[in-house]
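Below you'll find the structure, written out as structure tokens, and then a few comments.
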Amino acid sequence: MGVTCVCQVPVSEGKSVQQTVDILHKKLEQLGAVKQGNFWVDCETYHATGNATGQPSKLLYVMHNSETPLSCMALFEGGPGLSADANFDVLMVKLKSHFQNAKGHKVESRGVRYRYCDFLVKIGTVAMSSSARGISVEVEYCACVIPGDCWNLMKEFMQSFLGSNTPELPTVFTSKAEGLSVPVDCMDTMSQYLELFGRVRKQQVLPGSGVR
Amino acid sequence: MADVMNVGVNLEAFSLAINAIQALRSSVTRVFDSLKDGMKNKETLEGREKVFITEFQDNLQSVNRDLNELERLSTLVGRPSESHPLHNSGLLSLDPVQDKTPLYSQLLQAYKWSNKLQYHAGLASSLLNQQSLKRSANQMGTSAKRRPKVQPSTLVLPIQYVDDVISRIGRMFPDMSIELFRPNGTSAVLLVTLGKVLKAIVVMRSLFIDRTIVRGFHENIYSEDGKLDIWSKSNYQAFQKVTDHATTALLHYQLPQMPDVVVRSFMTWLRSYIKLFQNPCQRCGKFLQEGLPPTWRDFRTLEAFHDTCRQ
Ligand SMILES: [Zn+2]
């Protein structure tokens, strides 16, 4: 896996989520990108229970990514993360006395996967309890694992179809103590999705839809 | 007549000699004719053989006689003067009908032309030799014939010497690590790791680079059985391109007499890929062209170009 960048693309003025996604698809196809299957990323939220001190409990996020269907990623809010077998879900059920599933908080992004040269682009519709809330774009440059090396190159590529919506270097890389020259891993991608899902969860009204 | 004296040819003996040659030819023909016809019909087998043998002997004797005569005459003919710059072809100038057969003047022109050609070829060859790092240029020149003679001697370099040269090159570049393996006998295979950008497998024959394959830093270099995988190409188009260019570089850097210089030049060139994803193209100023970074590096300046921008 290479360096990834996950960002949220606002819904175009006067357009629906699906229409905006279609525009992005068209732009990619005009570039010469080729459709290569579908993808999904999901995230469930768990509350840690039995907190004696009464402080606000820490949240645990359990995520899945179709790129790694045999794995399950668990991330503490602002804390460490781990990558485990898919059996981890079963373990979470057994641990329900300690971690309670926050029903209705499940967020997922589903969409089409495009390949362009050594780039993978995933345009997803972010949905919460099956209502569309926004659009996620993930760009992966598969040939390089060092964010500091290929960021400018990735930015140039993203500008070609995202225009002014091109994001800055993700904070997951800039905040690393080792700097921008350490190889990426799959948790970097997942924490970017987690951040995006967090933003989507907070935003109650779909931008551009006007009324509730 | 004075001309004839000059040339030093006895014309009378000459015409006699021509006659003698004709006689010799016809007597030789007779020998083969009688051999071809075989034995003629006679009452007894003995009689047939006898007649055939006598006839054969007579024929051979006449060949012998004619040959002797020709030899005798040939001493009388004398030798043409050798002072003429074009040797015997100079005799063509004696032809009185110049206008109809301008052979001699044409010959002189061809001679001058070939002299000039040789002179220019010599100049060109010495110029080309100054750039003998190019293997392809060498192959077109005269040294293409020389190369196979040079190679066998350098192909049997001691293993220790090869190891030394490689480790010396490895120390020259701190951002480049070179590991040496000998998976198949004496031939070395180098695993070159360039920063966190790429890994190149370089298959050697003695100190000559046989082939090379470039893969991404995070790609597998070992096959499933744990051996160095020297065949599979990279999964990424960028590194497939770099592999193509590296193969071109192997053809470019060539100096059969100093194989260590070639390896060093190649490694210096390969090292310029340390900024494969960081350098924009020197021509169009962009990072990407058809989805690929500038994968070409100029052999002399090591500047980065897209494959499509390098001309
Ligand atoms: Zn260019």
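Here are a few things to note about the model shown:
- Per-bin percent of Cα-Cα distances, segment A:81-174 [10 Å]: 12, 32, 31, 20, 5
- Under the combined filter of DSSP loop state and at most 10 neighbouring Cβ atoms within 10 Å, segment B:154-234 retains these chymotrypsin sites (Phe, Trp or Tyr not before Pro): B:TRP231.
- Given their separation in residues at 0.36 nm each and the Cα-Cα distance between them, A:GLN36 and A:LYS58 gain 4.1 nm when the chain is fully extended.
- Cα gyration tensor, segment B:11-77 - rounded (a/c under 1.5), prolate or oblate: prolate
- Per-pair calculated FRET efficiency, R0 = 25 Å: B:ARG205 and B:VAL261 via Cβ, rounded to 0.05: 0.95
- Of the trypsin sites (Lys or Arg not before Pro) found in segment A:97-150, those in coil by DSSP whose Cβ has at most 11 other Cβ atoms within 10 Å are A:LYS103.
- Added length on full extension, which subtracts the Cα-Cα distance from 0.36 nm per residue, B:THR29 to B:THR44: 2.6 nm
- Between B:THR54 and A:GLU156, the distance separating the two model label sites (each 7 Å from Cα on the Cα→Cβ line) works out to 10.4 nm.
- Global form of the protein assembly as shown, assessed from the alpha-carbon gyration tensor, a/c cut-off 1.5: prolate
- FRET efficiency for A:LEU91 and A:GLU195, using Cβ-Cβ distance with R0 set to 22 Å, rounded to 0.05: 0.30
- When the pairs A:LYS27/A:LYS122; A:LYS26/A:LYS122; A:LYS122/B:LYS199; B:LYS199/B:LYS227; A:LYS122/B:LYS275 are compared against a 18 Å limit on Cα-Cα distance, A:LYS122/B:LYS199; A:LYS122/B:LYS275 fall above it.
- The base-10 log of I(q)/I(0) for segment A:3-201, evaluated at q = 0.10, 0.12, 0.14 Å⁻¹, reads -0.44, -0.63, -0.84 [Debye formula, identical scatterers on Cα atoms, solvent excluded].
- For a straight C-alpha distance cut-off of 20 angstrom, the aspartates and glutamates reachable from B:LYS40 (same-chain residues fewer than eight places away being disregarded) are B:GLU49, B:GLU55, B:ASP58.
- Here is the short version for chain A: A:CYS5, A:CYS7, A:CYS43, A:CYS72, A:CYS117, A:CYS142, A:CYS186 have no other Cys C-beta closer than 4.7 Å.
- Taking 22 Å as the limit for the C-alpha separation, the pairs A:LYS58/A:LYS94; B:LYS241/B:LYS286; A:LYS106/A:LYS155 exceed it in the case of A:LYS106/A:LYS155.
- Simple label model, 7 Å out from Cα along Cβ direction - A:SER129 to B:ASN19, nm: 13.3 nm
- Residue exposure proxy: A:THR125, A:THR4, B:THR308, ordered by other Cβ atoms within 10 angstrom of their Cβ from fewest to most, comes out as B:THR308, A:THR125, A:THR4.
- Approximating the spin labels as points 7 Å out from Cα along Cα→Cβ, the A:GLN19-to-A:ALA84 distance works out to 4.5 nm.
- The share of Cα pairs per 10 Å bin across segment A:144-198, counted from zero up to the longest distance, runs 22, 52, 26, 0 percent.
- Using the Cβ-Cβ distance between A:LYS26 and B:PHE299 with R0 set to 45 Å, the FRET efficiency from 1/(1 + (r/R0)^6) comes to roughly 0.60.
- Qualifying trypsin sites (Lys or Arg not before Pro) in segment B:176-230, where qualification requires a DSSP coil assignment and no more than 13 other C-beta atoms within 10 Å, comprise B:LYS227.
- Ranked by how many other beta carbons lie within 10 Å on average, peptides A:24-34, B:32-42 from highest: A:24-34, B:32-42
- Net charge of the neighbourhood of A:LYS26, taken over other residues with C-beta under 15 Å away and scored Lys/Arg +1, Asp/Glu -1, is +1.
- Fluctuation leader among A:PRO147, A:PRO183, A:PRO80 - chain A, Gaussian network, Cα springs under 10 angstrom: A:PRO80
All of the numbers you see were taken from the coordinates with simple rules; none came from a lab. Owing to the predicted nature of the structure, the values given are computational and were not obtained by experimental measurement. Using ideal geometry, Cβ is built from the backbone for each residue, glycine included, and neighbour counts are taken over all protein chains shown.
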